[in-house]
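Novice: First, the structure itself, so that you have it in front of you.
No lab work stands behind these numbers, since they all come straight from the coordinates. Predicted, not measured: the structure shown is a model, and the values here were computed from it. Because the Cβ atoms are built from the backbone with ideal geometry, glycine has one as well, and the counts that use them run over all protein chains shown.
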Amino acid sequence: MYIEVNKMEVQEVLNKLVEHCCNIFENNLTGVYIHGSIAMGCFNPLKSDIDILVVVEDAITDLQKKVFMDNIIALNDYSPGKGIEISIVRSEYCKNFVYPTPYELHFSNMHLPWYKSNPTEYVEKMKGTDRDLAAHFVIIKKRGIALYGKEINDVFEEIPHEAYLDSIKSDIIDSQDEVIENPIYVILNLCRVLAYVQDGLVLSKKEGGEWGIRNIYNKKYSRLIEEALVCYISDKNMILNNSLSVEFCKYMKNKIGL
């Protein structure tokens, strides 16, 4: 039997998350920062992630990771949308950027089964480098929100164009395979990547879709983008034309230069 979970308000989730960070990392905590749809004003409580970046001064211990993960998993169960996506990085990589960027810990819903089945293995192995962090840093620098700690400009340096471009391109490389399972994300994401390639714009998925409707001149794809955009900001599910969607991905990747 399915039991409906009473979801928290986003602000309550953010407040509790900051509280957990302060309690666990104490003086090692540099700050907690929002990026993604909340920061860019297009969060949909039915469909969006709560995107968070935690910055620490020094490496964190496996015990701290375990306590942190237990708190995040509990909070994730009550979070709206697709739950929490969070990375912990060291401040040195925010100031002296490295690409792909090292991280101390990462969690999103896709990793939930792994953590629940083997938390010890998870905290030991969930550490490495992540191309996506370059894109997250750019969003934080341009449009992010500091929830706690140091101001954004005191923590993050500018990210090189080449690193940001490679980061967002790497996110669409498999779009033809992924569009059937995740059409709204893939279609709007392709639009915002092309907006950066052509016009140098750093956009949300919503803004990317709006840009695509105005600027993608092959109008056979206009309805596809419009439907993805409507579904992104509402409770609608997308009814997909599979062949047109795959064709759109090929068309957009060619425009982007992939």
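Novice: If one computes the Cα centroid of region 227-258 and of region 124-172, what distance in Å separates the two points?
Specialist: 25
Novice: Please give, to one decimal in nm, the separation of the simple spin-label points placed at residue 11 and residue 182, each 7 Å out from Cα toward the Cβ.
Specialist: Going from the residue 11 label point to the residue 182 one covers 3.1 nm.
Novice: As a test, work out the antiparallel percent of DSSP beta bridges whose residues both lie in the chain, rounded to the nearest 5.
Specialist: 70
Novice: Near the amide H of residue 90, under 5 Å away, which other amide H atoms are found, from residues 5 or more places off or on another chain, if H is placed in the peptide plane?
Specialist: Close amide H contacts, sequence-distant or interchain: 56, 104.
Novice: Let me ask something additional. Just to be sure I understand: with springs between alpha-carbon atoms less than 10 Å apart, which residue in 104, 207, 181 has the highest mean-square fluctuation in the Gaussian network model of the chain?
Specialist: 181
Novice: Another question about this same structure. Please work out how much length the chain gains when fully extended from residue 74 to residue 219, using 0.36 nm per residue of separation minus the C-alpha to C-alpha distance, in nm with one decimal.
Specialist: Length gained between residue 74 and residue 219: 47.6 nm.
Novice: I would also like to ask the following. Provide the per-residue ³J(HN,Hα) series for region 240-253, in order, calculated from phi with Karplus coefficients 6.51, -1.76, 1.60 and θ = phi - 60°, each as a whole number of Hz, with x at glycine and proline positions.
Specialist: Here the 3J(HN,Hα) series is 9, 8, 4, 5, 5, 5, 5, 4, 4, 4, 4, 4, 5, 5 Hz.
Novice: Just grab the label-to-label distance for residue 237 and residue 174, each label 7 Å out from Cα along the Cβ direction, in nm (one decimal).
Specialist: 2.3
Novice: I need the peptides 213-220, 75-82, 131-138 ranked by packing, meaning the mean over residues of other C-beta atoms within 10 angstrom, with the highest value on top.
Specialist: 131-138, 75-82, 213-220
Novice: For the residues 211, 114, what sequence is obtained by ranking on other C-beta atoms within 10 Å, fewest first?
Specialist: 114, 211
Novice: Looking only at region 152-191, which residues have a backbone nitrogen under 15 Å from a spot 7 Å from the Cα of residue 226 in the C-beta direction?
Specialist: Once the point is set 7 Å along Cα→Cβ of residue 226, nothing inside region 152-191 turns out to lie under 15 Å by backbone N.
Novice: Rounding to the nearest 10 and keeping the result within 0 to 90°, find how far the Cα-based axis of helix 222-232 lies from the longest principal axis of the chain.
Specialist: 30
Novice: Rounded to the nearest 0.05, what FRET efficiency is calculated for residue 258 and residue 198 with R0 set to 22 Å and r the Cβ-Cβ distance?
Specialist: That pair, residue 258 with residue 198, gives E of 0.95.
Novice: Could you work out [θ]222 nm for the chain from helices alone, using -39500 (n - 2.57) per DSSP H run of at least four and dividing by all its residues? Round to the nearest 500 deg cm²/dmol.
Specialist: -15500 deg cm²/dmol
Novice: Starting from a Cα-only point model with no solvent, please compute log10 I(q)/I(0) by Debye for region 10-161 at q = 0.13 1/Å.
Specialist: Debye intensities relative to I(0), on a log10 scale: -0.53.
Novice: Among 136, 119, 105, whose Cα lies farthest out toward the positive end of the dipole of region 100-171, if unit charges sit on the beta carbon of Lys, Arg (+1) and Asp, Glu (-1)?
Specialist: The residue sitting most towards the positive pole is 119.
Novice: What share of Cα pairs, in percent, lie more than 20 angstrom apart in region 172-256?
Specialist: 21
Novice: Estimate the FRET efficiency between residue 250 and residue 117 by the formula 1/(1 + (r/R0)^6), using the beta-carbon distance for r and 41 Å for R0, to the nearest 0.05.
Specialist: It comes to 0.65.
Novice: Dipole magnitude of the chain about its Cα centre, charges +1 at Lys/Arg Cβ and -1 at Asp/Glu Cβ only, in debye to the nearest 20?
Specialist: Here the size comes out at about 860 debye.
Novice: Between residue 23 and residue 166, what is the spin-label point distance in nm, taking each point 7 Å from the Cα along the Cα→C-beta axis?
Specialist: Result for the modelled spin labels: 4.0 nm.
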